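What follows is a single structure, written as structure tokens, with notes after it.
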Amino acid sequence: MKKFYQTIEDYIFLIIASALYIFILFFKSDLFVGGIYSFWYLFVEVAPIILVVFLCIFLTNLFIDERKIGRYFGERSGWSAWVIAISLGILSAGPVYVWYPLLADLRDKGMKDSYIAVFLYNRAVKPQLLPMMIYYFGSLFVIVLTFYMIIASVINGVIVNKLMEVKAK
Amino acid sequence: MEKKQVISALKKTVSGIKKALPDLVGVLLLIGLVLQLDFGKVSGYFSGNQVIDTIFGASLGSIAAGNPITSYILGGELLDKGISLVAVTAFMLAWVTVGIVQLPGEILIMGRKFAIIRNSSSFLLAIVVSFAVVATLRALQ
């Protein structure tokens, strides 16, 4: 019985999301069809990235232990950890949510919340999309915005870390 | 490398996948629904007050999901309709840094405290950065 409840708990979000679709099917079937279509399109789009992320998780489980993570992204890591977190956030591909499992895994190994927050914030800085943004808003706007976003990512990391510590006390 | 190490890493990875995959599929299902909303029709809800519009823009961007390119196109359309650059910037910034639709998934995988603090902080920063960007642009031009 305990195992059954654990399984329900593991799938609760998926169950709620599916129930929402069933509810919509009865009241707004066109929204249901559109939602399913978009879901499938997204799923096909992100599936390769999810596989890459799972491969990264496997490789970190295999080669990176708590000691290494602690040294590079732990309590005593220096400014280089910020630079690495910013760079990896900018360079990482795909939607932000596919990276949650890997980041949760790295946190279990000792990565500080601030670096996770910095990584997630910098997912918003996408070099490959900058030409499109320049087309709509001009190069000066894009340069200024990108500069402030990188600064804001560090502020975000500091805020997250401080508040996590305060709440933990 | 020992075979035992590889098997142990594989077991840990499979366990992680089993835990995270249902949540990721749930997030994709919710995003599928949000993508059905027409954010292009919202320009009428902006009031003309820069502060209120910026908060509204950031709120709208927080709910929205999808490719950032869509936010640029919508942002361009909003600018054409006379919405302030600060509000449009807040809208685009919140679109890429805050995730209300992904929040349940983020809570389940990353933890409630972390997800709520990170998203709240990103929301406030979207507003602050928008004002800072436009002020800097004005100073530079």
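The values are calculated or read from the model by the stated rules, or taken from the named source; none is laboratory data. Small disclaimer: the values here were computed from a predicted structure and weren't measured. Neighbour counts are summed over all protein chains in view; Cβ atoms, including those assigned to glycine, are modelled from backbone coordinates with ideal geometry. Just so you know, the surface numbers come from the protein's heavy atoms only, side chains and all, with ligands and any DNA or RNA stripped out. Shrake-Rupley method; radii C 1.70, N 1.55, O 1.52, S 1.80 Å.
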Query raised in the report: So what is log10(I(q)/I(0)) for region B:11-51 at q = 0.33 1/Å, when the Debye sum runs over its Cα atoms only?
Result: -1.01
Report task. Can you send over the carbon and sulfur percentage of the accessible area for region B:3-140, probe radius 1.4 Å, protein chains only? Result -> 65 percent
Requested in this report: Counting only C-alpha contacts under 8 Å and six or more residues apart, can you give the relative contact order of region B:3-140 as a whole percent?
Outcome: 26 percent
Requested in this report: Report the accessible surface area buried between chains A and B, summing both sides, using a 1.4 Å probe on protein heavy atoms only, in Å² rounded to the nearest 100.
Outcome: 5600 Å²
Query raised in the report: Okay, helix-only estimate at 222 nm for chain B: each DSSP H run of n ≥ 4 adds -39500 (n - 2.57), divide by all residues, round to 500 deg cm²/dmol; what do you get?
Result: -26000 deg cm²/dmol
Query raised in the report: Sorted by average packing, counted as other Cβ atoms within 10 angstrom per residue and highest first, what order do A:22-32, B:55-65 take?
Result: B:55-65, A:22-32
Query raised in the report: Charges only on Cβ, +1 for Lys and Arg, -1 for Asp and Glu: so what's the dipole of the protein assembly as shown about the Cα centre, in debye to the nearest 20?
Result: 1040 debye
Query raised in the report: If you look at just the Cα atoms of region B:3-140, how large are its Rg and its Dmax in Å?
Result: 18.6, 65
Report summary line: Any DSSP H helix in chain A with Cα axial reach of 30 Å or more and mean Kyte-Doolittle score of at least 1.6? Listed by number, the hits are A:29-63, A:139-168
Query raised in the report: What pairs from A:Lys162/B:Lys113; A:Lys3/B:Lys18; A:Lys112/B:Lys19; A:Lys112/A:Lys162 go past 20 Å between their alpha carbons?
Result: A:Lys112/B:Lys19
Query - A:Ala93 paired with B:Leu21, simple spin-label distance in nm, labels 7 Å along Cα-to-beta-carbon - result: 2.2 nm
Query - region A:1-74 shape via C-alpha gyration tensor axes, a/c threshold 1.5 - result: oblate
Requested in this report: Would you mind computing, in nm to one decimal, how far apart the modelled labels at A:Phe4 and A:Leu25 are, each placed 7 Å from Cα along Cα→Cβ?
Outcome: 2.4 nm
Query - 222 nm mean residue ellipticity, helices alone, for chain A (DSSP H n ≥ 4; -39,500 (n - 2.57); rounded to 500) - result: -27500 deg cm²/dmol
**Report entry** 1.4 Å probe accessible area per residue over chain A, in Å²
**Finding:** 57 Å²
Requested in this report: Check the straight Cα-Cα distances from B:Lys4 and name the aspartates and glutamates below 16 Å, setting aside those fewer than 8 residues away within the same chain.
Outcome: A:Asp65
Report summary line: Taking a label point 7 Å from the Cα of B:Asp80 along Cα-to-Cβ, the residues of region A:136-154 whose backbone nitrogen sits under 14 Å from it are A:136-137
Query - Rg/Rh for region A:1-148, where both radii come from Cα atoms and Rh is the Kirkwood radius - result: 1.07
Report summary line: Expressed in Å to one decimal, the Kirkwood Rh of the protein assembly as shown from all distinct alpha-carbon pairs is 20.5 Å
Report task. Report the charge-dipole magnitude of region A:42-164 in Debye, nearest 20, computed about the Cα centre from +1 at each Lys and Arg Cβ and -1 at each Asp and Glu Cβ. Result -> 260 debye
Report task. Under a cut-off of 22 Å between alpha-carbon atoms, report the lysines in cross-link reach of B:Lys41, not counting same-chain residues fewer than 8 places apart. Result -> A:Lys28, B:Lys81
**Report entry** R0 of 41 Å, Cβ-Cβ distance B:Val51-A:Ile12: FRET efficiency to nearest 0.05
**Finding:** 0.60
